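Colleague: One structure, as structure tokens, below. Some questions next.
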Amino acid sequence: MLDPKLLRTEPEAVARNLARRGFALDIAFFRTLEERRKACQIEADRLRAARNSHSKAVGAARARGEDIAPLMAHGEALAADVARVDAELAVVQDELDQWQLGLPNLLDAGVPDGRDESANVEVRRSGEPRQFDFEPRDHVAIGASLDGLDFDAASRLSGARFAVLRGHVARLHRALAQFMLDLHTREHGYTEVYVPYLVSRATLTGTGQLPKFEQDLFAVPHDPELFLIPTAEVPVTNLVRDRIVAPEQLPLRYVAHTPCFRSEAGAHGKDTRGLIRQHQFDKVELVQIVRPADSGAALEALTGHAEAVLAALQLPYRVVALCAGDIGFGSAKTYDLEVWLPGQGRYREISSCSNCEAFQARRMQARWRNPATGKPEPVHTLNGSGVAVGRALVAVLENYQRADGSVTVPEVLRPYMGGIGQLGRS
RNA sequence: GGAGAGAUGGCCGAGUGGUCGAAGGCGCACCCCUGCUAAGGGUGUAGGGACCAAAAGUUCCUCGAGGGUUCGAAUCCCUCUCUCUCCGCCA
């Protein structure tokens, strides 16, 4: 959510910022609604004050033993007025709330202009794509020949966009997640958390997936209503929902390994082959809750933590700053990490690191007590994949493949693989 | 799944229709007193919103959530959620 005060006082500046995303802010609509809200609220407050003082007068009169019957009629009239204006206010307020929940976050000034991913800006590059002395295969072919990736089996179980992993490949998948968790907890100061995979509507509203992106989620028919998490960002960031954090506790750094579930409605026909785009995938997620002044630096650090995974795996990658039109709904600034995939001959997203500033914090009522003001103020939240496990598996299979169809196990993963140095049929 | 008990401010805990946003205690902060790592005294101590350029001030809302009754609800009624105890079942 945007700062309502800013929206009220500088709607033109807000509109200019959001226009960079291609989002048209309807200032006139907001002004009209806001004026109605203000009028209703002032009137409602005034009437309630009148009712309260009248009720006290009734109580006082009764305490004196006076006849209160004559006061009742006025009280009833006041009660009716309060009910009427309250109802009116509730309607306007709700409309305003819904509208505001649909506004994306303001962009950081450093975000490059552009309408879509073609305008994203490469920030840096690490490692060189390997030169193959044979025609590199993609992970689907490699996985099949290792008898480790089975999309047919998955489709019999669940339909399209699922996978069954087997043997060494399944173990490599697990090894990747374990390695990442250990790296972030040991080297980067994150606390491991285990969180629910099913969350409420309120939780998803807190991080911004709802109300706007319900079609991307899997809802579970259950009372109360629950959704499968599309990313651990949702439960982990919401750990601070409705909380006021003491300043000395910040920054909070959490890492979680969870499955993620996305219906990806509207993605039909995109990346239909292989593990790249699935309804279910694992991810190791980094979340930081920081003081507002620190979030810029925290994004750089968090991105570095995600990069460290790829560096340790010796996978070639590049860091890309997302442009205004490609950046996510709740993010002020985002870096994507793209890993080199020999099977596709291009870099593909494997991590997305975002600074959401106070956007989620305002929705979640997540605050810290600012020593400078003594008041509770929204914290800043950041999240990033550190990294997507399924795509990391793809990257390892493709980058470490050998001419004979086997796959070398990256050095850092061997302790997690029982010491084996290569994947064969298992 | 069955039975029961609960949900009040940072914590504990009082409060069954009126001046209660809420006694008392603890904790915390500041001050006073005290010649000493004690004791005592005082003051303060929730969050959100509105009006206002802002401060001050005024005012509204919040006692798990949502409805209802009433001139007036922490208090009465209904629904829901969560927690705890016991039984059953289960990993």
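Colleague: Regarding the stretch A:22-36, can at least one residue be identified that is free of Cβ contacts under 8 Å to residues at least 24 places away in the same chain and near RNA strand B (Cβ under 8 Å from one of its atoms)? Can you show your working first?
Modeller: Going through the stretch A:22-36, the residues free of Cβ contacts under 8 Å to residues at least 24 places away in the same chain turn out to be A:24, A:26-28, A:31-32, A:35.
Now drop any that are not near RNA strand B (Cβ under 8 Å from one of its atoms), which leaves none.
For the stretch A:22-36, residues free of Cβ contacts under 8 Å to residues at least 24 places away in the same chain and near RNA strand B (Cβ under 8 Å from one of its atoms): absent.
Colleague: Looking at A:Ala24, A:Ala49, which is the one that is loosely packed, with under 12 Cβ neighbours inside 10 Å and in a helix (DSSP H, G or I)? Before you say what the answer is, go through the steps one by one.
Modeller: Numbers: A:Ala24 fails: in a helix (DSSP H, G or I).
Among A:Ala24, A:Ala49, only A:Ala49 is loosely packed, with under 12 Cβ neighbours inside 10 Å and in a helix (DSSP H, G or I).
Colleague: Are any residues in the stretch A:259-273 hydrophobic (A, V, I, L, M, F, W, C) and assigned to a loop (DSSP other than H, G, I, E, B), and if so, which ones?
Modeller: Of the residues in the stretch A:259-273, the ones hydrophobic (A, V, I, L, M, F, W, C) are A:260-261, A:265, A:267.
Within the stretch A:259-273, A:Ala265, A:Ala267 meet the criteria.
Colleague: Still on this structure: Going through A:Leu165, A:Leu106, A:Leu96 one at a time, which residue ends up being of a type outside the set (Asp, Glu) and within 16 Å of RNA strand B (Cβ to nearest atom)?
Modeller: Details: A:Leu165 fails: within 16 Å of RNA strand B (Cβ to nearest atom); A:Leu106 fails: within 16 Å of RNA strand B (Cβ to nearest atom).
After applying the criteria, what remains is A:Leu96.
Colleague: For the stretch A:89-115, enumerate the residues that are charged (D, E, K, R) and over 23 Å from the mean Cα position of the chain (by Cα). Can you show your working first?
Modeller: Of the residues in the stretch A:89-115, the ones charged (D, E, K, R) are A:94-95, A:97, A:108, A:113, A:115.
If the condition is that a residue be charged (D, E, K, R) and over 23 Å from the mean Cα position of the chain (by Cα), then A:Asp94, A:Glu95 are the ones that fit.
Colleague: So, A:Gly330, is that one assigned to a loop (DSSP other than H, G, I, E, B) and crowded, with 21+ Cβ neighbours inside 10 Å or not?
Modeller: Details: assigned to a loop (DSSP other than H, G, I, E, B): yes; crowded, with 21+ Cβ neighbours inside 10 Å: yes.
When the stated conditions are applied, A:Gly330 passes them.
Colleague: While we're on this one: Find the helices (runs of 4 or more DSSP H) located wholly in the stretch A:114-207 whose residues include 2 or more that are of a type in the set (S, T, N, Q) and modelled with pLDDT of 95 or more, and list them.
Modeller: Details: elements: A:139-145, A:151-157, A:167-187, A:201-207.
The qualifying helices (runs of 4 or more DSSP H) are A:167-187.
Colleague: A further question on this structure: Would you check which residues across the stretch A:225-258 are part of a strand (DSSP E or B), more than 11 Å from A:Val287 (Cβ to Cβ) and under 14 Å from the mean Cα position of the chain (by Cα) and list them? It would help to see each step written out before you state the result.
Modeller: First, pick out the residues of the stretch A:225-258 that are part of a strand (DSSP E or B): A:226-228, A:244-245, A:252-258.
Filter again for more than 11 Å from A:Val287 (Cβ to Cβ), leaving A:226-228, A:244-245, A:257-258.
Hits for the stretch A:225-258 are A:Leu228, A:Thr258.
Colleague: Report, ordered by the first and then the second residue, all pairs with beta carbons closer than 7 Å, sequence separation of six or more or different chains, a first member in the stretch A:52-78 that is free of Cβ contacts under 8 Å to residues at least 12 places away in the same chain and in a helix (DSSP H, G or I), and a second member that is near RNA strand B (Cβ under 7 Å from one of its atoms) and β-branched (Val, Ile, Thr).
Modeller: If the second residue must be near RNA strand B (Cβ under 7 Å from one of its atoms) and β-branched (Val, Ile, Thr), the pairs left are A:Ala61/A:Ile68; A:Arg62/A:Ile68.
Colleague: Examine the stretch A:401-416 for a residue that is acidic (Asp, Glu) and away from RNA strand B (no atom under 16 Å from the Cβ), and state whether such a residue exists.
Modeller: Step one: filter the stretch A:401-416 for residues acidic (Asp, Glu), giving A:404, A:411.
Add one more test, that the residue is away from RNA strand B (no atom under 16 Å from the Cβ), and what stays is A:404, A:411.
Yes, the conditions are met somewhere in the stretch A:401-416.
Colleague: Only one residue in A:Val85, A:Val91 is more than 8 Å from RNA strand B (Cβ to nearest atom), assigned to a helix (DSSP H, G or I) and surrounded by 15 or more Cβ atoms within 10 Å (Cβ to Cβ), so which one is that? Quick ask: steps written out before the conclusion?
Modeller: Details: A:Val91 fails: surrounded by 15 or more Cβ atoms within 10 Å (Cβ to Cβ).
Answer to the check: A:Val85.
Colleague: Turning to a different aspect of this structure: Could you list, in sequence order, the residues of the stretch A:211-224 that are under 16 Å from A:Pro196 (Cβ atoms), at pLDDT 90 or above and part of a loop (DSSP other than H, G, I, E, B)? Even if it seems obvious, please write down each step before you answer.
Modeller: Applying the first criterion (under 16 Å from A:Pro196 (Cβ atoms)) to the stretch A:211-224 yields A:217-220, A:222, A:224.
If we keep only those that are at pLDDT 90 or above too, we end up with A:217-219.
Result: A:Leu217, A:Phe218.
Colleague: Residues to consider are A:Glu12, A:Glu43; find the one that is more than 8 Å from RNA strand B (Cβ to nearest atom) and touching a residue at least 40 places away in the same chain (Cβ under 8 Å). Can you show your working first?
Modeller: Details: A:Glu12 fails: touching a residue at least 40 places away in the same chain (Cβ under 8 Å).
Just one listed residue meets the conditions, A:Glu43.
Colleague: Restricting attention to the stretch A:47-61, and to residues there that are touching a helix residue (DSSP H, G or I) at 6+ places or on another chain (Cβ under 9 Å) and near RNA strand B (Cβ under 7 Å from one of its atoms), which single residue is farthest from A:Asp94 (Cα to Cα)?
Modeller: To start, the set of residues in the stretch A:47-61 that are touching a helix residue (DSSP H, G or I) at 6+ places or on another chain (Cβ under 9 Å) comprises A:47-48, A:50-51, A:54-55, A:57-58, A:61.
Next cut, near RNA strand B (Cβ under 7 Å from one of its atoms) only: A:48, A:51, A:54-55, A:58.
Numbers: A:Arg48: 20, A:Arg51: 24, A:His54: 29, A:Ser55: 29, A:Val58: 34 Å.
Checking each candidate, the answer is A:Val58.
Residue-by-condition table, conditions (1) surrounded by 15 or more Cβ atoms within 10 Å (Cβ to Cβ); (2) of a type in the set (Val, Ile, Thr); (3) within 11 Å of A:Leu322 (Cα to Cα):
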residue	(1), (2), (3)
A:Glu76	no, no, no
A:Ala79	no, no, no
A:Asp97	no, no, no
A:Gly102	no, no, no
A:Asn105	yes, no, no
A:Val111	yes, yes, yes
A:Asp116	no, no, yes
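Colleague: Which numbered condition trips up A:Pro410, out of (1) in contact (Cβ under 8 Å) with a residue 12 or more places away in the chain; (2) within 30 Å of A:Pro4 (Cβ to Cβ); (3) surrounded by fewer than 24 Cβ atoms within 10 Å (Cβ to Cβ)?
Modeller: It is condition (2) that A:Pro410 fails.
Colleague: Related question: When you go through A:Glu12, A:Glu35, A:Glu43 one by one, which is the residue that is modelled with pLDDT of 90 or more, buried (at least 17 other Cβ atoms within 10 Å of the Cβ) and in a helix (DSSP H, G or I)?
Modeller: Numbers: A:Glu12 fails: buried (at least 17 other Cβ atoms within 10 Å of the Cβ); A:Glu35 fails: buried (at least 17 other Cβ atoms within 10 Å of the Cβ).
Matching residue, one of A:Glu12, A:Glu35, A:Glu43: A:Glu43.
Colleague: Okay, moving on. Collect the residues in the stretch A:308-345 that are charged (D, E, K, R) and over 19 Å from the mean Cα position of the chain (by Cα), keeping them in residue-number order. Give the derivation first.
Modeller: Going residue by residue through the stretch A:308-345, those that are charged (D, E, K, R) are A:318, A:326, A:333, A:336, A:338.
Across the stretch A:308-345, the qualifying residue is only A:Arg318.
Colleague: Next up: Filter the stretch A:235-264 for residues that are under 25 Å from A:Leu165 (Cβ atoms) and either surrounded by fewer than 18 Cβ atoms within 10 Å (Cβ to Cβ) or of a type in the set (Ser, Thr, Tyr) (or both) and give the result. Don't jump to the end; show me each part of the working.
Modeller: Going through the stretch A:235-264, the residues under 25 Å from A:Leu165 (Cβ atoms) turn out to be A:235-236, A:255-264.
Residues satisfying the conditions are A:Thr258, A:Pro259, A:Ser263, A:Glu264.
Colleague: Related question: Could we say that A:Ala144 is free of Cβ contacts under 8 Å to residues at least 24 places away in the same chain, away from RNA strand B (no atom under 16 Å from the Cβ) and buried (at least 19 other Cβ atoms within 10 Å of the Cβ) here?
Modeller: Working: free of Cβ contacts under 8 Å to residues at least 24 places away in the same chain: yes; away from RNA strand B (no atom under 16 Å from the Cβ): yes; buried (at least 19 other Cβ atoms within 10 Å of the Cβ): no.
No, not satisfied.
The values are calculated or read from the model by the stated rules, or taken from the named source; none is laboratory data. Model, not experiment: these values are computed from the prediction. When we count neighbours, we look across all protein chains shown, and the Cβ atoms used for this are built from the backbone with ideal geometry, even at glycine.
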